[in-house]
Amino acid sequence: MHLKSLIRDIPDFPKPGILFRDITTLLRDPNGLRYTIDFLAQKCLELDIQPDCIVGMESRGFIFGAPLAYKLGCGFIPVRKRGKLPAAVYSIDYQLEYGTDSLEVHQDALNPGSKVLIVDDLIATGGTASATAKLIQQVGCELLGFGFIIELRELQGRKYLPDVPIISLVEY
């Protein structure tokens with residue numbers, strides 16, 4: 001299956017000059033969604049990535065991370081924006097192009113030593129993925145790798161990530 005054909009390009013969003021890669025067209029296609037999860041799981045198996053849990057970032061990491069966890073027979077842990085989780089959290093602040101943001105995970109969500117795969121829909125500049133990696137390493141977990149549906153190669157986000165396997169199913 002050709003996943004690029006299921007991803008819609010939206011010019012000038014969210015601002016002029018940006019070409020937005022919209023996955024909602026992929027998500028509405030049952031065969032495309034199933035293929036995406038199966039293909040991501042296959043890549044994990046090929047690389048012998050056997051996580052105890054998948055960590056997915058708000059919100060699109062939830063969409064792909066939870067069914068991947070089901071497929072791989074492991075747990076799923078959400079990483080959320082500040083103030084969205086109800087119990088005690090670990091938190092990390094990170095730089096955006098224009099300002100800062102924060103991510104949080106429940107303190108009891110991950111056991112130290114857990115093997116983790118971080119999943120999101122897209123890697124662009126690598127800021128969110130890098131911050132998530134630091135967050136789970138702060139908890140004392142072992143980062144096995146990253147899984148992305150889309151990689152925007154020109155933005156070179158992978159150079160800001162730890163030296164672990166990086167899966168990207170579609171590259172632009």
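Using the Karplus curve 6.51 cos²θ - 1.76 cosθ + 1.60 with θ = phi - 60°, what ³J(HN,Hα) values do you get for each residue of the stretch 7-20, in whole Hz, with x for Gly and Pro?
In residue order, the calculated couplings are 9, 8, 8, 10, x, 6, 10, x, 8, x, x, 9, 9, 7 Hz.
If you look for lysine pairs in the chain that are eight or more places apart or on different chains, how many of them have Cα atoms under 27 Å apart?
The result is 22.
Could I have the simple spin-label model distance between residue 10 and residue 137, label points 7 Å from Cα toward Cβ, reported in nm to one decimal?
It works out to 3.4 nm between the two label points.
Once each part is reduced to its C-alpha centroid, what is the distance from the stretch 92-141 to the stretch 12-88 in angstrom?
14
Please give me the summed charge of the neighbours of residue 91: other residues whose Cβ is under 12 Å from its Cβ, Lys and Arg +1, Asp and Glu -1.
Charge balance in the 12 Å sphere: +2.
Within the stretch 139-162, whose backbone N sits under 19 Å from a point 7 Å along Cα→Cβ of residue 125?
What the label zone holds, given the 19 Å backbone N cut-off, is 150-162.
So, with +1 on the Cβ of K and R and -1 on the Cβ of D and E, and no other charges, what is the size of the charge dipole of the chain about its Cα centre, to the nearest 20 debye?
In total the dipole reaches around 240 debye.
Taken together, the values in this text are just the output of simple stated rules run on the coordinates, not laboratory data. Note that the coordinates shown come from a computational prediction; the quantities given were computed from them, not determined experimentally. Neighbour counts are summed over all protein chains in view; Cβ atoms, including those assigned to glycine, are modelled from backbone coordinates with ideal geometry.
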